[in-house]
Every structure is written in structure tokens, then in C-alpha cells.
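Asks: The structure that follows is given in the form of C-alpha cells.
Just so it is clear, none of the values below were taken in a lab; they were calculated from the coordinates. Remember, predicted model here, so these are calculated numbers, not experimental data. Quick reminder, even Gly has a Cβ in these numbers, built from the backbone with ideal geometry, and neighbours come from all protein chains shown.
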């Protein structure tokens, strides 16, 4: 392909709309353009790279025995009522009304569609195992679309769904997808980490996320510095901490005036007490019912854990009125003693005594609280977010905090959907059983941008050959020199015949512009053919990732390029 | 691929939901399944065939120098206001509201998005010509989705857009797409006819449709039995008919009582007059203004022609109240004499005298009307739909009526969109000019189904090799016979290595079921490997399109299959 025949609108400056490097580079290199918030058009080079990611995914899915299908984006509302996710996924669903005012939804995911299909088409153990996948456009009404393709309203996902006769069989299907994902990200040139994750609105028993480690990542991750434990902060656990014993832990509760002191910092500063001695008491509405959640003053409550442990998706902080009604005091003075609503405490609070809490009374806290003695705790559970320095739940070594970009997520779903959609099969004995499911997603467009996020320098993108829009760019510094142009065209034609993607920069531009654009675009292999090099019967070959170029005799050039393309 | 590893849910009976053969066969062969009205899931074999159609399109687009891009399905409303199509395409637009209640649309086509992009990225004559294309999912709120993929709410389209510096250059781009389309449909094994067509809501100066001829087609077409003239009925013209001279054509108009006679049939029957002697007068609202349209009593008004000639998209039959107000009479008695609204007459009515019309008075018609003398006609235009037996506008031979399925449509758009989106470039002299556009669509999913509509028999589909889900099916009648199974697996592995798509029917089913399914699925080449054939050291090869099988020595089998796959 000649540069003049395609369109590569490179930008010299960083566009204002972009915050992270990969987003800036995708715009600067002319790979994508913004149509509206969270909506992007892929220009020819961006699409070429995207297709390469898609093809890697397709090859590995096929190799794992998964069957490609294609489901509609528009989905009837009814199947979302069946799954009971019309409510729980409300915050990302786009609603579409047709001319008869019938409601449809734009699919953010396809568990409903595929389970409904399987319920109709699979009825016998003989038809399983089966895994279906699609590479398809998804829609989510994101609160805050940002970072380009990282969090968009419309994006491409590979979603897969496995159907098995039993739990062990489902585990094998899960493992096959897990292994395929590992290969896919490797082939895309990505360094990923697999972490335990929250199952969220998808549901199911267990899940893993594939994370691209990057400081710009939206997900917090902890990993153990000693063992292989790693988990998303939404899900991560910690070893049970040693119970803190505070001074005066045998005294009875005693009120103390804390005028206008509402936050942990204010109260601990005022009372000259370490924050961890305080018991943070937040009132939530859980399924609409006021409920108190307690954690130590130096910790954060993890709402994902509340939702998972209490088996609901309906968890929200209570409004001021509810708090005042439940505690009898203005916001900021809640505490567990004497509360008449269910109280759940973090496991780290077990045995807390000599602690400080709100007194459920304006401008007042309580000293010397013994949680067991003075409050009625429904149960102690893991309710707070792990942080750096906590101990590994497996080996007690220290946990470290990192940032990551979620590119893949695999779920053991079990029978959540198959029961709702009556996806029932007859086993060998003729007995009816629900199909056991797994589901598996890869953010395809996000994966593409993650490659750039992880592989770039000050000059631009550094593509791996596997997903580069073109593996080779041939630069002719002086397009007025006919022999250079002819040699370049001959080399391009010959490489193209061998299925190598080549871009020939035939623009009438200064050499500096061409070299800068080649670096910005990040083609893995740059070939320079000039009057000077031809005089020595040679061409210059430089890897984007290397410092220096090599000078190769022209008749060995092609075989050297082919060799480099394989690595 | 082994049959048992994929999913091919064939149906013995015709599903009730399907009316035309291709729709029935797509369901029966397990290629697609319905999710909701106009919404279909592609099962593995349907998707394989679809991908082959897509790849043929992609290869021919690339060969024609078009550049592949990918635009969002979600589009901001604003660009549809800019193009002024928010109103004119209202009847197919799906509206989507996000969490900020901002309106977006699901793209039924992408002229707005691409022209907006080009306005930003192309500014010089040096950057043209350029043609962009995408293979992408479109959405249309169809009044009556039907015939499976033929008229769906969500479907895949290849849309392309050309950008040129001038009209002659745009003609060359148009011709390149026209030629590519011809090759695409040929490669898909389709017999198509190219017809002149209406430009409708897309607009522009000129357009051609590529029609798959089929009795089930939704489009009426006329073609000349002598010359190459062919056109969609929406657009087709006829040679000017010889003016009819009726008896009593020199008398003055005279009222006649026609109690309750409102239709042409009623009046012509009652007055014992041939229908063509009557002047059919219909009152339309054109841009909201009552307007009378006249055609001969034996002809139909063509609203597409009204819209085109009066340069509006706002043409609708008037309601009863408007008719009564405009004519002073109940519905059924309108006529041109004495009307106080604009009156347009079909060219066939020029010189009409001795004619019969409504009298704009209840239960009354007028005899002896001379249109020139008695009525005020704004202008005579081509306003009626051509019908079988009309004369060719080019050569005066007879026109014949046919049915067709529109699979492709190419438009010379001109500057309609580039002016609205300020897609302006600087020419060689530094002068600003609007870019000249063309646009080009192929209904990809419809094309796939059209192949079946045109190529099937009572037993099932007859795929051409180019788009068959698998080129070869290997049937082992008795899967208990190990040597047959082994020979089949060896043959499959060897053919797959040579990139031939092979399906091995390894099911434990009766031979009759397997043969029937092979015919239903329509694989071009069927290979049977049985105990009996192996005893003779041979295999049986049968083309789906042939009556008889051939017996081939086993060691020549593969080369024979490879040969057949090439044809």
C-alpha cells in the first residue's frame, strides 16, 4: 500500500481530549477519530490493527473448539426481565423504542440471548460440551466514557459462553478459555496478570480477570510479594489481622462531646487518637432497608463485598433523612451501640474494645466501646477494601497495590441463567438437569489500545509485528530519485506477494517528517531506500524497538525482513 | 470439522414464521434463528457463509482501491439535523436516549458520519480521489420486517462513500464501484440485473440498483424486451403514449348523477365507459399543501415520482377533511374542473378531451371534460407507475414486468452532503470547492439469503462453492465401520491442510437422515465413504447440483475434489 493511496492524518500535537498516552497516540497516529463522547471511527490503519487482534482471538477460540456465532445487538426487553437483569444492569442499558413503542435494549452482553437459544436447541447430554463465541459490537451507557477506546459507549467485545453437563465438565471448559486467553494476550505482545475478581452484575461463583499492568489502569489490584496471589481490589481478601487491643479497654462506654466533628480525621484529631481506634459506621440502604456497616477508622468499606456477601445488587449509601431516622442523630455521629437496624462489622473489628464510635447523638461520640459487649452485631464479615501492606490471605506475606487495565474476564456462572431460561438437558439416565455455564469476555478494542499503552516511547507507538497495521514501512527520503522509488516499489511488491503488510511512504515530504511519522506510527520494521544507500548497493533496516539501523546488501534485504517479521 | 462438534439444528418441517423459500431453508438448515421480529442470530454454519460473502466484498473493494474503515452505529442527533435527514428518514430511525437524556440515533446509513469526517480530514485536491467502505451493522425501524434477512431491523451492510474533486472524477469512482459490484455478485454465484432506480431519501442525481431476479422479490422492475433498458418501478419511465381521443370530445362539460359511485370501477361500470376515459383525481398533502394529482383511470399514481419532480420528501395522501375542504365534496367526487389548489397531471393526460371526472359535488361526475379547456393544470409531468405493455422510453418496444430483490444500490450524490457539512477542498489554483460524492451499498445479509432464494430445489439449498459454509461434506453411512471412519478422517485432514472447508458427518444417525441433511444444507460436494465403496477401493463423489454420483478410486479422490472446488 502506498501512503498517498490511504489516509493517515497524523497530528503533531497532543489533542486536548486525550489524557493517557495510548489515547493520545491513537489520535496522533491517525488510527481513530472521535465522533462523539465515547464514540470512535476507526480509520484504515486503526482498523487494520483491530482486525489483527480479532484474528488472533478467532484463531485461538477456534483452536479451543469454540464455535463462532453472531447475535443481534438489539434485544427484546422480555429476556432481560427473565434474567432479572433489567433492574440490576439498569445503569448501563440503552433503551430503544420502536414504532409500536415496544422497548428493546442495546446489548451490553449476551448471556440472555445465548441461554435462550441454547434452551431451545440443546436438549441432550450428547450435544455438550459446547462453547459459543462472537466478536461483536456492544453498547453501554457509561457514566463517564474516557480514555478513548478504554471506556467507550460502543465497543467491540469477544464474548463466549460454555455449556456443560456438570460442574467438573464446566471447569474443563473454563480452563480451556483461560488457556486460550493466556495465548491470545501473549500473541498480542501484552504482559498480563491474572487476578481473582468480583463477579458483579454477571454473577456466578468465581471469576478471573486478565489485567494489563499499567499506571493508567482504572482497576486497582493487589498482589502478594511472595506467593502467586493476586486479586482485583473489588474482590481481594486479606489475612485476618491480629486483634488490636487499645488502652482503657475494660472501662464502660462514656460519652464525650465532639462538637461539629463528623469525619474520622476530625474526631481522631480532636481526641488525639489513632484513626484505627475509631469504628467507622456508615448507614446503607440494602434492598431498601437501612443497615449499618462497620469498619475500622483507617479502612474503606467495599460495596462489592457487601453486595456479594448479602447476595444482592441493591446496595447504596443512605440519604441524610434515612440516617437521621435510623440513628436519631445528624449525619456524622452514627455508631453501633443501641442501633435498632441490622449491623454488619468487618472481620478486622472482631474483639475491638476500648474503641471510639459515634454516639447516635448530635456532637457526641462514645469512648471505651467493646463491640461484643456493647453492640448487637449481625455478623462479622470481610467488608473492607484491602490496601498495601495488608497480609496475603494465602501466605501472610505483604500485599502490594498495582494498577491494571481489565482486558479479559472469565466467569464460572453455574446455573444462574440456565435455571431462569429453562436450559435443561436430559442426562444419560434420562433425568432432567440444568446446563452448567461459564462466560468469557475480551474487550477487543480495549485490548488494542492496551498494546499501545504498554508499548510506546516518547516518539510514538512501538507495535509488535502481530498486531501492527503494517509490519514494514519503506521510506524513500527523496521521491524525486527514480531509482529509489523503483527499488522501493519492487521490494514492496515482492514482500506483498509473501503476505507481508508493507506501507510505502511515497509522499513528497521532507525526510524528517517521514522518519517522525514512521516512529509515531510505530511500524516494527523501517526500511530506508535512498540514493546514498543504493550507491552502496544496500538498504537500511531498523527495528522500531532498536536504537540502531543495520545496512544490508539489497539482494539480502528481503530475506532479512522476512526473518524479522517472524520474531 | 466434525458434525458432532458443531451445532446444526436442522428442522424437518417448514417453520410457520417463514413465507419465502430462502427464509424457510435458512431456518430448516439451522443457519439462523429468530430472536425477535426482524432480529436473527447467525448459527455457526450461517455465519461461515456470511463471512464468505463479506470476504468476497472486502477483496473486491480493496481491489478497487477502496479503504476499509469502521464507524459507530450510535450517532449524535446533531449530524442528522445538519443533513436535514432527521425528518426525512424519521420513519426508519431508532432513537436512543442516554443517561443525560441526550438523543442519539442508531445509524441506518452513514453519509453524515463519513462526510463530517472527510470535512475535517481532507482539505486538498492532492488527497483525492478516496473511497471509504465499511462492513457494519445497520438498524432500521421497519414497518414490517419480513422474509428473514431480506427485511430485518438489524442487518449487515457494506456501505462505501467516494470523494472526488469534480463530476468527471466522481463518475470514474462510480464506475469503479459499479464494476466491483458486478464482480462481487458474480463471485457469489448470483444472476443480477442492473436497473435505473429512484434515489429516495439518500438523494443525489442518479442511481442504479443491482437486482437479484426472483418472483419473491419485493421490488417491481420493468425491462425492455428489445433494448437494455431496465428500471425499478419507482423510477421507470415510458414512451409518451399516443393521445386518446374519446367520443363527444367537442361537447361542453355536463353533470351526471353518480349516486354513491366513488371508485373508478364503480363509475366506469355505472357509466359503461372504459376506465381510461376517467381522470383519477387524488388530493395529496405536499409539504403540507393540498395538491391534486391526475392520472388516467387505468393507471396508478407513483408517489416517488411526485417527490422527485416536486423536490420534496413530504408527500402524503390527504385526509378526508382536507379533501372535503379542497373540493367542496365528500371523498370520491374530486375532479380538476374549478379546483382552487395546484393541479398536476400525468403526461398521458395531455390533450385529454371527452373525458369523465368527479364534479367536486356529492354524487356527481362531469362528462365531456377537455382538460386544457376546462381545467387549470400547473404542469404535465410523468406521475404514474409504468406497467407491463407500456412502451420503452428508449426504443418504443414493449416493457415487461419482473420482480427483483435489491442487493446493491449505487448513487451519484454530487454535493448534497459535502455542502451541508462544509466538506470543502482547495483545488490546484487554491480555490475552494465542495467535494463531489458518491455512495454505494450492498445488503450483505440480504445478499447471502438471495443466493439461497435463487439457488435451491425441493430438497434444500444448492450453494455455490464460493459462499458455501463448507465446500465438502463427507458422509460415513455407518459410523460403526472403523475403516470408513478412518478413511473419512484422513481425507478431511488432508483437504483441510489444503484450505478446503470440510464437514464430516460423524453422527450416529441412519444414512437416510445424513443424506437428507446433506441435501438440505446444500454442500456443493458430497463424498460418501462406506464399507461397500472401500471394498472397491473407491469413494463416491456427488455434486449437489448434479443428478448422479461418480465413483472415484480412493487415491484419486482428493485431486478430483480439489478440481471440483475450483469450478
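Asks: Starting from the Cα of residue B:312, move 7 Å in the Cα-to-Cβ direction to define the label point; list residues of the stretch B:276-305 whose amide nitrogen is under 18 Å from there.
Replies: B:282-295, B:301-305
Asks: Place a point 7 Å from Cα of residue A:401 in the direction of its Cβ. Which residues in the stretch A:208-237 have their backbone N less than 12 Å from it?
Replies: Within reach of a label on residue A:401, which here means backbone N under 12 Å from a point 7 Å along Cα→Cβ, the stretch A:208-237 contributes A:220-223, A:233-234.
Asks: Something else: Report the far tail of the P(r) of the stretch A:181-258, meaning the percent of Cα-Cα pairs longer than 17 Å.
Replies: Tail fraction, whole percent: 64.
Asks: Okay, helix-only estimate at 222 nm for the protein assembly as shown: each DSSP H run of n ≥ 4 adds -39500 (n - 2.57), divide by all residues, round to 500 deg cm²/dmol; what do you get?
Replies: -8000 deg cm²/dmol
Asks: For A:545, A:559, B:216, what's the fewest-to-most ordering of other Cβ within 10 Å of each Cβ?
Replies: A:559, A:545, B:216
Asks: Restricting to the stretch A:254-381, compute how many DSSP beta bridges are antiparallel as a %, nearest 5.
Replies: Around 70 percent of the beta bridges assigned by DSSP in the stretch A:254-381 are antiparallel ones.
Asks: Give the separation of the Cα centroids, the stretch A:353-412 to the stretch A:89-163, in Å.
Replies: Answer, in whole Å: 35.
Asks: Between residue A:175 and residue A:55, with labels modelled 7 Å along Cα→Cβ, what's the label distance in nm to one decimal, could you check?
Replies: My value for the distance between the label points is 3.2 nm.
Asks: Just the number, please: Stokes-Einstein D of the stretch B:437-549 in µm²/s, Kirkwood Rh from C-alpha pairs, 25 °C, 0.890 mPa s.
Replies: 161 µm²/s
Asks: Further, regarding this structure: Using only the alpha-carbon atoms of chain B, report the extent along each of the three principal axes, biggest first, to the nearest angstrom.
Replies: Ordered largest first, chain B gives principal extents of 95, 66, 52 Å.
Asks: What per residue convex hull volume, in Å³, do the alpha-carbon atoms of the protein assembly as shown yield?
Replies: 244 Å³
Asks: Please compute one quarter of the surface area of the Cα convex hull for the stretch B:24-167 and express it in square nanometres.
Replies: Mean shadow area of the hull around the Cα atoms is 10.9 nm².
Asks: Working only with C-alpha atoms, what are the Rg and Dmax values of the stretch A:156-305, expressed in angstrom?
Replies: Both quantities, over Cα of the stretch A:156-305: 21.8, 64 Å.
Asks: Find how much the distance from residue B:240 to residue B:84 grows on full extension, using 0.36 nm per residue of separation minus their present alpha carbon separation; answer in nm with one decimal.
Replies: Gain on stretching residue B:240 to residue B:84: 52.6 nm.
Asks: Every other copy gets compared here: list the nm distances from the residue A:564 label point (7 Å along Cα to Cβ) to its counterparts, shortest first, one decimal.
Replies: 4.8
Asks: Related question: Evaluate the stretch B:254-381: find the radius of gyration of its Cα atoms, find its Kirkwood radius, and give the ratio Rg to Rh.
Replies: 0.94
Asks: Most exposed first by the Cβ proxy, i.e. fewest other Cβ within 10 Å, how do A:167, A:206, A:3, B:463 rank?
Replies: Fewest to most other Cβ atoms nearby, the residues stand as A:167, A:206, A:3, B:463.
Asks: Then there is this: Can you list the distances in nanometres, one decimal and ascending, from the residue A:498 label point to the identical position in each other copy, with the point 7 Å along Cα to Cβ?
Replies: Here the equivalent label points are 2.7 nm apart from this one.
Asks: Here's another thing I want to ask about it. List the distances, in nm and shortest first, from the label point of residue A:397 to the matching label points in every other copy, placing each point 7 Å from Cα along the Cα-to-Cβ direction.
Replies: 8.7
Asks: Also, I was wondering about something else. Return B:369, A:475 ranked ascending by Cβ neighbour count within 10 Å, so the fewest neighbours appear first.
Replies: A:475, B:369
Asks: Additional query: State the antiparallel share, in %, of DSSP beta bridges confined to the protein assembly as shown, rounding to the nearest 5.
Replies: 80 percent
Asks: Right, here's the next one. Which length gain, in nm to one decimal place, applies between residue A:266 and residue A:126 when the Cα-Cα distance is subtracted from 0.36 nm times their residue separation?
Replies: Difference between extended and current length: 43.8 nm.
Asks: A further question follows. What is the pair-distance distribution P(r) of the stretch B:506-561, computed from all Cα-Cα distances in 5 Å bins starting at 0, with each bin given as a whole percent?
Replies: Answer for the stretch B:506-561: a P(r) of 4, 19, 26, 26, 19, 6 percent.
Asks: Would you compute, for the Cα atoms of the stretch A:1-96, the largest minus smallest coordinate along each principal axis and list the three values in descending order, in whole Å?
Replies: Cα spread of the stretch A:1-96 along its principal axes, largest to smallest: 52, 37, 23 Å.
Asks: In degrees, nearest 10, range 0 to 90: what is the angle between the Cα axis of helix A:482-497 and the longest Cα principal axis of chain A?
Replies: The angle comes out at about 60 degrees.
Asks: Further question: Need one number: % antiparallel among DSSP beta bridges in the stretch A:470-566, to the nearest 5.
Replies: Restricted to the stretch A:470-566, the bridges split so that about 50 percent are antiparallel.
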